[in-house]
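Coordinate-derived values only; no laboratory data. The shown structure was predicted, so the numbers you read here are calculated from the model rather than taken from an experiment. Cβ sites come from the backbone with ideal geometry, for glycine too, and all protein chains shown count toward neighbours.
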Amino acid sequence: MNNFKNIACIIVDDEAIAREIIATHLSKISHINVIASCSNAMEAFSIISNNQIDLVFLDINMPEISGISFAKSINKNIKIIFTTAYRNYAVEGFELQAVDYLLKPISFERLLKAVNTYFEVYSEVKTNVIPEIDSTHFMFVRADRRMIKIDFDRIIYIESYSDYIKIHLASETIVTRETISAIEAKLPNKQFIRIHRSFIIALAHIESFTSEHIVIHGQALTISRTYKKEVLKLLEKF
């Protein structure tokens, strides 16, 4: 059994979807305790002043007070993992001795690597540094004014329509106002692959494929030029 103390962390991001994705990922990792999810730096200042915080998942590009300014103003014992959609902020982030720098959309595997770096470098206990991962096989999405649990193995494919998506299950289709990139970040990489800007498919439900299309649940879905090389390389391994 690992000897880690629980790590108190907060999430600071002005985008609700980004906060939700990070929180979902962190819920799968033992020894991580999310104290608060903040939409701006002022909320985060208040949390830090009233709680012992070890780690902050911090968006760089926020209104009023940027993540960089926030990081410079807090106690240096509080460690930072920067999150952003913009690659050009990486250098400044590392100059502040951040634990890591995560580019959105953030996959679970990439976030876990950053958390492991924190444990290896900053944890008081240096043995058994890889935290236990809870076996989570589902996600929650907002639909019909409630959060709905969806088991990953029930998903056949996901289809994007501008600012909302359809999650196709065997017996129903769930519609949620979400971007396909945000949903992609929640999915386990080994079970799903993106084949088009508008389609993510479950590998287990593929019926047949050519170099142009994949047939899944009776539907022929186009493989776009952007994803073709990666998709075909993966499928030809099976």
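Taking neighbour counts of Cβ atoms within 10 Å as a proxy for exposure, in what order, fewest first, do 175, 34 appear? Let's see the in-between values first.
On the way: 175 14, 34 17.
Final ranking by Cβ density, sparse to dense: 175, 34.
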Segment 156-219 and segment 35-71: distance between their alpha carbon centers, rounded to Å: 34 Å
Long-range amide H partners of residue 7 with built H, under 5 Å: 32, 33
Theoretical ellipticity at 222 nm over the chain - DSSP helices of four or more residues, -39500 (n - 2.57) apiece, nearest 500: -8000 deg cm²/dmol
Whole-angstrom Cα spans of segment 148-235 along principal axes, big to small: 34, 24, 21
Relative contact order (%) - the chain, alpha-carbon pairs under 8 angstrom, separation at least six: 14 percent
Full-extension gain in nm, residue 85 to residue 225, via 0.36 nm per residue minus C-alpha separation: 48.1 nm
Lys/Arg +1, Asp/Glu -1 at C-beta; the chain dipole; positive extreme among 97, 210, 223: 210
Net dipole in debye of the chain [+1 Lys, Arg Cβ; -1 Asp, Glu Cβ; about Cα centre; nearest 20]: 340 debye
Whole-percent pair-distance distribution, where bins are 10 Å wide, for the alpha carbons of segment 7-122: 14, 54, 31, 1
Listed residue pairs exceeding 22 Å between alpha carbons, taken from 149/237; 190/233; 104/186; 28/104; 113/190; 113/166: 149/237; 113/166
Antiparallel DSSP beta bridges within the chain, percent to nearest 5: 60 percent
For segment 230-237, Karplus couplings with θ = phi - 60° (6.51, -1.76, 1.60), whole Hz, Gly/Pro x: 5, 5, 5, 4, 5, 5, 6, 6
Backbone HN-Hα couplings from phi across segment 53-66 [Karplus 6.51/-1.76/1.60, Hz, Gly and Pro as x]: 10, 9, 9, 10, 8, 10, 6, 7, 8, 10, x, 6, 10, 6
For q = 0.07, 0.12, 0.15 Å⁻¹, Debye-computed log10 I/I(0) when each Cα of the chain counts as one equal scatterer: -0.27, -0.75, -1.06
